[in-house]
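Worksheet: the structure to be examined is printed underneath.
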Amino acid sequence: MSTNAAEKPNNLPAFCEGIQHFGDLWPDFDTYASDAVISEGQSAISDASDDKAAYQTLLGADALRYVTLQVTGSKGSGHPGGFASSAEAHAALMMLGHTNIVTEVGHHAPGFYSSMFLDASLEEMGIYTLNDMMKRFREKEGLLGHLSGAIPGLLSPAGPLGQGQHFAMAGAYLHRDKLFPVT
């Protein structure tokens, strides 16, 4: 495993342990990412029209893509492409507070695991750092290649041909007061 140490910023949070490559800061980073748009103790942005929220949503999408690619690369296995193409939509839902997003798309597993890593949900499984995640990806006692029904609220295995829409409709019916995102 190689590391691009020349670009590694100082004082990284512990969860970043294992990130192999760091790019340059985006233009206007100091303006739009100087503070988090999701306040401490909150689970969603307070103003969707805020330019900082849009900027940080794009940063979130970039982080989802990076983590997904690095995790699949760590085992030389997985399907990062399908999820990567929808990272902005997924990041927007996360920023709006929707983290229980149901899917039946097995190839999107690495992306959904990346989302759960970034929102700290995988800490319940003892996954605190990107190194932890890479070690546990595609392992029997970790993050299976396709999504595992052992992670409540994440998977609705229903077979082929869009049969998962029944789960989507049931979820939407049971949670009428909330947006019920489904892939």
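The values are calculated or read from the model by the stated rules, or taken from the named source; none is laboratory data. The shown structure was predicted, so the numbers you read here are calculated from the model rather than taken from an experiment. All Cβ positions, glycine included, derive from the backbone under ideal geometry; neighbour counts span all protein chains shown.
Each residue in region 98-138 was checked for being modelled with pLDDT under 90 and assigned to a loop (DSSP other than H, G, I, E, B), and 9 of them qualify. For Gln56, the requirement of being in contact (Cβ under 8 Å) with a residue 24 or more places away in the chain and either small (Gly, Ala, Ser) or in contact with a Ser or Thr (Cβ under 7 Å, 6 or more places away or on another chain) (or both) is not met. I need the full set of residues from region 45-101 which are basic (Lys, Arg) and under 17 Å from the mean Cα position of the chain (by Cα), in order please. The one that is basic (Lys, Arg) and under 17 Å from the mean Cα position of the chain (by Cα): Arg65. The number of residues in region 59-83 that are touching a residue at least 40 places away in the same chain (Cβ under 8 Å) and of a type in the set (A, V, I, L, M, F, W, C) comes to 4.
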